[in-house]
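Trainee: This is the structure, below, for whatever I ask next.
The values are calculated or read from the model by the stated rules, or taken from the named source; none is laboratory data. Bear in mind the structure is a predicted one, so any value in this text is a computation, not a measurement. Neighbour counts run over all protein chains shown; Cβ positions are idealised from the backbone, glycine included. Side chains included, ligands, DNA and RNA excluded: accessible areas come from the protein's heavy atoms. Shrake-Rupley method; radii C 1.70, N 1.55, O 1.52, S 1.80 Å.
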Amino acid sequence: MTVMLAASCSDMLEETPKALLSPDKAFSSAQALKLLANGLYDPYEHDYTSDPDNIFLMCLPGDDICSDRSEWNWEQSDVFTQTDAISRYEEGTWETPFMGIAAANQIIEGYESVPVNNEADQALVNNIAGQAYFQRAHWLLFMSRFWGGIPMPLVNDGAILPKSSVDAVFDQGVEDLLKAEELLPWSHSEGDWISSDGFSVTPLKFAAKAWLAQAYLQSTGWPLKRTENYAKAAQKAKEVIDWANANPNVLGLLPIDQLWSGQGFWDKECVWGMGYTFNGNYTMRCSMGETPDEEVSGTGWATNLAELYFYDRFPEGKRKEVTFRTTIWIEPNTDALKAELAAFQATLSKAPGGSFGPDWPVRLWNGLDNKSTPNQCVYTWQNFNPDTDLAAGKFFWDQRYRRWNVQVTWDDYIKNPESRRHPYYAKGYFDDQIDNTYVPGDRKYNADGTIRAWGWETRSLDSDYWNSGKLQRWMRYAEVLLIYAEAQAMAHGLDQSCIDALNQVRARAEETRGLAKLGDYASAQDFQQAVFDERGWEFAGLEYGQRWADLLRFEKAKEMNSNRSSLGAWPDGRLKEKEINPEFFANEKKFYYLLIPASEKARTGMRDHDASIDPIVPQQ
């Protein structure tokens, strides 16, 4: 779908009339309204999916990720020392949602006046209106999750509004989602809304139901504590699950090997998301944001680190392998590593069919005949065994920099004295192989036998794929299953359907702990704690703040973050974790909501919403 700017905001709530399609044209026909719908998706091209930094600021308070980069306040957000002077709060996280709300308002205000000549026209108008209600609800609920009470502009009149209460924003969001659920189709009949992979590029009816389930579940805990909504969350999640069971090729879980492979822009696990292919834009989970600084010639951003206590508690298995990057490829530059490389080189010098030189480039092998170039070791297809001949995968030749690299573990080597030893998240770790598989150890081979050094180096340095977009799943089907499991247990009592929903996610994780059984849990509350843990492991690392949202819902931010500050130092004296602001532990709820940008407070006179004073009604 071509993204066009149909609505914008020069500042928080002020319209930009020149950017709005004139009403006489926008509402003249169903097809004209369709052009206006493009504006609903323009905000996603900006800071929420195309910039990897702004979303960090919103997710870093969680206990699953951390950062030691002070640039743009990543570290400050991690340890609760951020201020309202962070420009990225204003330009990205705060202003962008209001662009989306303004675009939705324009459609909602006028779609009923569009003339329709047949059922197809009416269906199209309903579809677009449903998208508008969905997007407005999404932005309202998303912002309120992070800021608490927020201004809630429902018409584009340019007025500067006072902040609405958290429960008022929630009620409006649910009202909009119910309207979206009514208007959106289950599937599309025209190709304009469909990706090349056959999946919808706009929200469908099951997405509205899933967002309702998420909103209802979030409202059962802090700050609203509407426990009666467990039943509503379970019902909506069940409706999505039933539809997915009847349409398994459209909605369901991907195999764990494919989940983060980066193949295509759309897949069946995506309840709804965004995908971009604009060269020059990078996505939230771009490889540079998660690139080890030690690996890419000291230029890796290394902004998204895995928190150690969270990593240590993460169950062993395939899900842990694909969630974290625990090895780093570096140039041997210590005496120990140089000695190891020298020993490895000695074995290569004895290789049949070739010899070893000091500037030995990659070996060439195509399984059919031999190719030789000067100063190169040549193997034949009969005797080349990559696993044994290349020391079981520990060494590889970096053709870009023409040097040997060696694989080390995350806690075995440090290049930057200011860095801390941490695993890296691998969810932005693009696999550019056509078989969609993830290979532990990062070993791939080209058809001619050369090692394909895919991953951080390939995506961020050897091509522009790293900055040309990837599907951003705003919600995955796994979350629908876990919403149902928890909500059903809390509303109606723990039963086998709760266990079955949890086990779909757990089975996909391929872990040694095995599947859950009904007798494992003494109560629904005991089971709820297990789902809380499961959600943390499943959605770890920058999945649009899911972990932080759960910490708030259960009021566990202080408890879970307190594990980080007690980890002490490595033997060389470096702290394992940066110290968290002690004021957070003294008054944690003061830090539950993000700060409004200083420039916005100066312009409007608004104050931050301090949840330690009142979590529902904001300070004006």
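Trainee: May I ask for the net charge around Asn587, where only other residues with Cβ less than 10 Å from the Cβ of Asn587 are counted and Lys, Arg are +1 while Asp, Glu are -1?
Mentor: Neighbourhood net charge equals 0.
Trainee: For the ranges 167-180, 200-213, 141-154, what's the packing order if you count other beta-carbon atoms within 10 Å of each residue, average per peptide, and put the highest first?
Mentor: 200-213, 141-154, 167-180
Trainee: Find how much the distance from Arg603 to Ala85 grows on full extension, using 0.36 nm per residue of separation minus their present alpha carbon separation; answer in nm with one decimal.
Mentor: Computed gain between Arg603 and Ala85 is 185.1 nm.
Trainee: I would also like to ask the following. If packing is taken as the mean number of other Cβ atoms within 10 Å per residue, what is the order of 585-595, 61-71, 128-138, highest first?
Mentor: Going from most to least packed, we get 128-138, 61-71, 585-595.
Trainee: Using modelled backbone amide H atoms (1.01 Å from N, in-plane), which distant-in-sequence or interchain residues come within less than 5 Å of Val271's amide H?
Mentor: Met475, Arg476, Tyr477
Trainee: Next question, about the same structure. With every protein chain left in place, what is the accessible area of Arg319 in Å² (1.4 Å probe, nearest 10)?
Mentor: Approximately 10 Å² for this residue.
Trainee: Turning to a different aspect of this structure: What residues have an amide H closer than 5 Å to that of Phe324, excluding those fewer than 5 places away on the same chain, when H is modeled at 1.01 Å from N in the peptide plane?
Mentor: It is Ala426, by chain and number.
Trainee: I've got another one for you. Please compute the modelled spin-label separation between Asp157 and Glu109, points set 7 Å along Cα→Cβ, answer in nm with one decimal.
Mentor: Here the answer is 1.0 nm between the modelled labels.
Trainee: Karplus couplings for segment 564-569 from phi (6.51 cos²θ - 1.76 cosθ + 1.60, θ = phi - 60°), rounded to Hz, Gly and Pro as x?
Mentor: Using θ = phi - 60°, the values come out as 6, 6, 9, 7, x, 10 Hz.
Trainee: Leaving ligands, DNA and RNA out of it, rank Asp550, Asp412 by accessible area with a 1.4 Å probe, largest first.
Mentor: My answer, sorted largest first, is Asp412, Asp550.
Trainee: Ranking request for peptides 98-111, 490-503, 571-584: highest mean number of other beta-carbon atoms within 10 Å first, then the rest in descending order.
Mentor: Descending packing order for the listed peptides: 98-111, 490-503, 571-584.
Trainee: In what order, largest first, do Thr323, Thr409, Thr604 sit by accessible area if the probe radius is 1.4 Å?
Mentor: Thr409, Thr604, Thr323
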